[in-house]
């Protein structure tokens with residue numbers, strides 16, 4: 001596509017202005033981790049919320065009154081906590097919880113997994129589980145919060161792996177498996193399809209489709225998983241592409257059934273990673289990554305534009321410490337025209353783009369110091385909004401900045 005060559009600079013990103021004042025800035029909120037402690041940024045005011053050490057994974061409730069987070073050494077057990085922002089009080093939910101905890105979409109219910117056990121609580125009484133389901137591999141809340149969409153665990157038996165069932169689990173009767181509705185059973189293992197688990201589940205904006213990753217065993221899943229969609233009634237099941245085990249790398253548009261994702265096998269984020277967009281209903285799609293480049297984290301700006309973190313491609317199995325720093329590019333989906341939002345730099349990279357309140361945010365990081373940058377949606381009026389957040393974990397160049405910052 002010739003229009004891929006239309007890469008025009010929009011802003012140098014070299015000069016950081018003083019943070020602006022104004023009513024719009026006061027609406028901006030982010031929970032972030034600094035020195036292992038949980039902080040809140042509201043407009044231009046910072047406040048420490050929770051002492052460390054080892055705070056991670058802040059997540060907002062739907063109304064912004066609660067934060068859930070984990071605390072504990074990643075190599076040891078992690079505790080799940082909830083913090084009520086109006087009162088500043090934190091309460092323990094459970095121990096031995098990983099990253100898989102999710103707020104309900106419309107109330108203060110929090111669901112989480114301890115191994116294969118799915119439970120949920122009311123944040124006001126977090127030590128009293130209100131329901132549980134066993135033998136669950138992964139889950140997401142149903143769009144209106146009345147239950148869960150979940151996958152069963154696959155077990156290895158003498159004659160092979162048991163099939164994965166996709167369930168709808170009613171909230172009020174989740175203790176009784178007889179009330180679960182089997183929406184679909186994934187295909188049996190074959191040369192073309194092999195899965196023993198799934199990722200979380202994501203609904204299209206029109207409510208017609210659910211996207212998820214079908215994951216093989218752990219060693220294989222690090223390099224390749226199958227991106228799938230299923231119709232919400234379970235009748236239509238499609239495999240779309242292969243990609244790494246990174247649920248942050250597929251996302252629906254805010255309207256319709258357009259799905260964007262980072263395709264490409266191999267665990268290294270620095271090679272063979274392409275931004276693709278597919279209209280799932282019509283099965284028409286396009287790729288937008290130029291040759292000799294890789295795309296990584298991205299965000300929908302609107303229905304016609306995606307902002308992506310892009311870098312020059314490195315050789316597979318190369319030294320990740322020498323990989324090129326990424327920069328931000330805005331992609332126009334209809335004609336493929338692409339414009340730089342930030343300049344490529346040898347000193348730092350632009351990671352984790354986020355669009356919120358008509359502002360563009362990203363993390364500027366040199367692998368030693370990480371700052372949160374804010375700009376107008378067109379990339380102008382660049383300011384340093386938060387200085388000094390903790391470094392996120394990187395798995396072969398796949399940075400998980402949700403560990404240390406969450407916007408609201």
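The values are calculated or read from the model by the stated rules, or taken from the named source; none is laboratory data. A quick note: this is a predicted structure, and the numbers were derived from the prediction, not measured. Here the Cβ positions follow ideal geometry from the backbone for every residue, glycine too, while neighbour counts run over all protein chains shown.
At a glance:
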{"read-out": "Set 351, 396: member being under 18 Å from the mean Cα position of the chain (by Cα), farther than 20 Å from residue 46 by Cβ and surrounded by 19 or more Cβ atoms within 10 Å (Cβ to Cβ)", "value": "351"}
{"read-out": "Residues within the range 265-299 that are surrounded by fewer than 23 Cβ atoms within 10 Å (Cβ to Cβ) and closer than 12 Å to residue 249 by Cα, tallied", "value": "4"}
{"read-out": "Answer from 273, 284 - the residue that is farther than 20 Å from residue 365 by Cα and free of Cβ contacts under 8 Å to residues at least 12 places away in the same chain", "value": "284"}
{"read-out": "The range 91-110, subset over 17 Å from the mean Cα position of the chain (by Cα) and surrounded by 18 or more Cβ atoms within 10 Å (Cβ to Cβ), residue modelled with the lowest pLDDT", "value": "97"}
{"read-out": "Residues being exposed (fewer than 15 other Cβ atoms within 10 Å of the Cβ) and in a strand (DSSP E or B) - total across the range 118-139", "value": "1"}
{"read-out": "Residue in the range 53-67 that is exposed (fewer than 13 other Cβ atoms within 10 Å of the Cβ) and either over 30 Å from residue 375 (Cα atoms) or modelled with pLDDT under 95 (or both) present", "value": "yes"}
{"read-out": "Residue 226 being assigned to a strand (DSSP E or B) and under 21 Å from residue 161 (Cβ atoms)", "value": "yes"}
{"read-out": "Residue in the range 28-39 that is surrounded by 14 or more Cβ atoms within 10 Å (Cβ to Cβ), in contact with a strand residue (DSSP E or B) (Cβ under 9 Å, 6 or more places away or on another chain), within 16 Å of residue 406 (Cβ to Cβ) and at pLDDT below 95 present", "value": "yes"}
{"read-out": "Any chance residue 14 is within 22 Å of the chain's Cα centre (by Cα), part of a loop (DSSP other than H, G, I, E, B), loosely packed, with under 14 Cβ neighbours inside 10 Å and at pLDDT below 95", "value": "no"}
{"read-out": "Sole residue being in contact with a helix residue (DSSP H, G or I) (Cβ under 9 Å, 6 or more places away or on another chain), free of Cβ contacts under 8 Å to residues at least 60 places away in the same chain and farther than 20 Å from residue 208 by Cβ, chosen from 164, 136, 169", "value": "169"}
{"read-out": "Residue list for the range 199-217, filter: free of Cβ contacts under 8 Å to residues at least 40 places away in the same chain and surrounded by fewer than 20 Cβ atoms within 10 Å (Cβ to Cβ)", "value": "217"}
{"read-out": "Single condition residue 183 does not satisfy, out of (1) free of Cβ contacts under 8 Å to residues at least 40 places away in the same chain; (2) within 30 Å of residue 220 (Cα to Cα)", "value": "(1)"}
